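Report on the following structure.
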Amino acid sequence: MGSAFDPFVTVTDEPAVVNSPPLLSNLTQEELKKIAAYKAVEFVESGMVIGLGTGSTAKHAVARISELLQEGKLKDIIGIPTSTTTHEQAVSLGIPLSDLDSHPVVDLSIDGADEVDPALNLVKGRGGSLLREKMIEGASKKFVVIVDESKLVKYIGGSGLAVPVEVVPFCCDFTRGKLEELFREAGCVAKLRMKIGSNGGETTPAVTDNGNYVVDLYLERDIGDLEVASEAILRFPGVVEHGMFLGMATTLIVAGKFGVTVKDRPWKELLYQSDPDDPDFEPPESESDVVDSGIESGDEGDGDDDSAGGDDSDNESEKDGGDNDRECDNNDRVCENDGDGGRDQIRGKRKRQEGEGEEGQREKKPKRKESKDLREEDIMERLEFEIEEAVANWFDEFQIRRGDPLKLILGSPNFGSWKGGISLAPGPSADDVVSDYLLLAAHRTKRPDILRAFKPYHGGWNITNNHYWASVGFTGAPGFILAVIWLLSFGSLLVVYHCFKWRVCVKAKGSSFDTRRFCFILLIVFTCVAAVGCILLSVGQDKFHTEAMRTLKYVVNQSDYTVEILQNVTQYLSLAKTINVTEIYIPPNVMDEIDKLNVNLNTAAVTLGEKTPDTAAKIKRVFYAVRSALITVATVMLILSFVGLLLSVLRHQHVVHIFVVSGWILVAVTFVLCGVFLILNNAISDTCVAMKEWVDHPHAETALSSILPCVDQQTTNQTLAQSKVVINSIVTVVNTFVYAVANTNPSPGQDRYYNQSGPPMPPLCIPFDANMEDRQCSPWELSIENASTVWENYKCEVTPSGVCTTVGRVTPDTFGQLVAAVNESYALEHYTPPLLSFRDCNFVRETFMSITSDYCPPLERNLRIVTAGLGLISVGVLLCLVLWIFYANRPQREEVFADPRPQIKDGSVGNGLDNHHSDDETKLSVECV
Ligand SMILES: O=C(CO)[C@H](O)[C@H](O)COP(=O)(O)O
């Protein structure tokens, strides 16, 4: 369990791992999240009450906890989920759950964050669960935040992404407006969060687990004092809670390309180790003395100026309740706040350093002696100052740590099992981790996992997970078991038959004729059953194959369409770089942006263009192989059953025996195929259900998210924004020409003179405003659609040197350039919007919707037909085999009507031998039962 003495945060003067190779640099963001999550779970101990966070990072922690529970390495854990999604995940993974009502003190919470600033303040709630997260994490003794390095920001809101605020639905636009107004100086745009509909457009407001709405604040600049901001936001009656988690995190785990960094809020280090070289330094007598005396006594301390931030703490103390009967570690945040779970508890005590002067003073001030009568304010002030100092160069000097509380773990003595990089890291193997945030097809995929000693699999649909396949494989067990039983039982019968020449005969029976006839009828019936099975199999496999190919073709077409759109946009963007009107070009910075964007778009197009045919070819190969196998089985079995029937009717006993042996093996093969098709059937049904659930939960991250060939949202958004910028730039080029050249009246000899005259040309409408929102055109502006037609009227006739000889404002050459520019804008305006449908994989979602509704049902139906066909063949041929032996060994007609006496060799019944029998046959006849 981590504490302030956690070796990870030992302050050292040794240079940290500046020269460590970037061991984790090749990992994806998802893998980094998993590493951080696994590291956090090392803090979990048996018997703890754990706050289970929400989001793509926290889900790895939840999965890991479940895994350790299943392995018996953790026991008696109680989870308190921070959202319904996490609740579902935890339930599906078998983690025992509770809530704050029953467990008001949480030992440890683990959760991701959207932003982390250098003082460990967080932005959370982009997943919409901020209220429950804040309640649960606020009630936690320890709160471990897990992020990948992309979440580190210089200031709250610094990522340019949303700072969420949960508001009541009533007059939410009023509250939204108030919030925007509140942070106007920071360039705030407040937007009500909307659900994205299946067509990619926004539909209705997104609703939180608590039935509220979310207003997202987009900040251009730092909002300053976060405490003040927090207070101001919460003062609006319509606000329920905001997503700034101030001073709540006790530990931060960052997985980045330079390794895993664990940072504790160094409560103790600051007291013990802030100045170990100071001759006056005396460690306090006991750890608890220091904090306890500071908080509980509220002593005035030594009056040190360091208490400059004390106001906040005073306020906090006033608000704190007395219900502090919880068991607390001195370093636990619940104890710091000493509160009753109210807002004060969860609000931080962040106090920003105001100005250089004060900071300078602090540095020069003689180090004071740490003593147990420290005031809480002193501790807080000192702590915050040191944290800020320690992480001031977070971004610039991430690798160079000298004596600060941040420490790279790689290479350090605390490295533990992470030494050697990802390959030696404990546990996070792709195989055994449930990587779903929203578990797809969770209910129908709960099957015994062959790889885990038949323990139930809880990971939901995930074709990248071996455990999923192992559990689906289990569904084929009936077929495989039947094959084995059949092989062994019938095999033993055959052995007995051959060894002991034990033959079934009909003539010893009293009603030999009836039995023979009955036997024949059964043989015909079973042969027909096998034949019907063969027909079902052929028809079913043909339909299944056709459907599978149709589905595949549809997916490939969809993918081709995506590639085509991407390529078109790339081409039009590239073309935009060449647009000029009388040498007026779009600005170089826009050209640079186009280049960058085209790289992204090309990569997306190339990856998709290569990946899809490749995957499709592999899938096709499998389907064709399956088809050939099925056709072979159907044909062979059909021939076998009819020829077997014929041979047994004709009493070709020896040939029948050969057929029986081949039939024996073929029946086993058919049983195995039945098993395989049961697996296929289940896998396809799982996939169909998974697709449907994914379509129904558009915002959740799932196992599908990581394997979908869709364009990522960032690229799409960038492209859309960029294409708007390019369109505006082209229009600006055109208008610059119109205003600065065409509509001027220079005198002969002057720059840009070509004898332009007549009424001024109207300019083009700039379609987007400064925020790249649609702009209303002025009446005199031309739309992109009709500009070329209107400008036609302003064209003059020219001399060979390009001077107008008739009234007009544009020469034919320049008119051509204008038309090219307008066409380019038009194309961009019309080709980029389809990209919208790629946002959030909406395009893929539509594809899935049509697959689940149009393609899945026939696929599943035909698979059932195939499996039924295989079943009928197996049973039919199996019974035929027995009857073949029985029937082929029947006595000839004369034998049946012969005097029964010769059958009795020992004289007990008769005394004659049938002369038509060989000695051997005679002997066997007597042995018949
Ligand atoms: O606050 C949250 C949900 O409300 C998440 O913890 C936060 O959005 C981080 O998510 P992720 O780990 O997916 O990046």
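Worth a mention:
- Compared with the direct C-alpha span, the chain from T632 to R235 gains 135.4 nm at full extension, assuming 0.36 nm per residue.
- Three-way shape label, the range 610-663, alpha-carbon gyration tensor, a/c 1.5: prolate
- Each peptide in 62-70, 738-746 receives the mean, over its residues, of other Cβ atoms within 10 Å, and ordering these scores from highest gives 62-70, 738-746.
- Between I521 and V484, the distance separating the two model label sites (each 7 Å from Cα on the Cα→Cβ line) works out to 3.9 nm.
- Cα gyration tensor category, rounded, prolate or oblate, for the range 173-263 with a/c compared to 1.5: oblate
- The range 566-627: radius of gyration and largest Cα-Cα distance (Dmax), Å: 18.9, 64
- Normalised radius of gyration (Cα atoms, divided by 2.2 N^0.38 Å) for the range 581-675: 2.48.
- Computed packing ranks the peptides 144-151, 33-40 as 33-40, 144-151, most packed first, by mean other Cβ atoms within 10 Å.
- At most 15 other Cβ within 10 Å, DSSP loop - chymotrypsin sites (Phe, Trp or Tyr not before Pro), the range 125-204: F170
- Debye intensity ratio I(q)/I(0), log10, the range 620-697, q values 0.16, 0.20, 0.23 Å⁻¹ (C-alpha model): -0.73, -0.92, -1.04
- FRET E, pair T799, K620, Förster distance 51 Å, beta-carbon r, rounded to 0.05: 0.20
- Trypsin sites (Lys or Arg not before Pro) restricted to the range 163-225 and DSSP loop, no more than 16 other C-beta within 10 Å: R221
- Peptides 663-669, 758-764, 871-877, 776-782 ranked from most to least packed by the mean count of surrounding Cβ atoms within 10 Å: 871-877, 663-669, 758-764, 776-782.
- Amide H contacts for L782 (H built 1.01 Å from N in the peptide plane; partners 5 or more residues away or on another chain; cut-off under 5 Å): L764, C765.
- Shape call, the range 78-169: gyration tensor on alpha carbons, a/c limit 1.5: prolate
Each value in this text was obtained by applying a stated rule to the coordinates, not by laboratory testing. All figures in this text were calculated on a predicted structure; none of them were measured in a lab. Cβ sites come from the backbone with ideal geometry, for glycine too, and all protein chains shown count toward neighbours.
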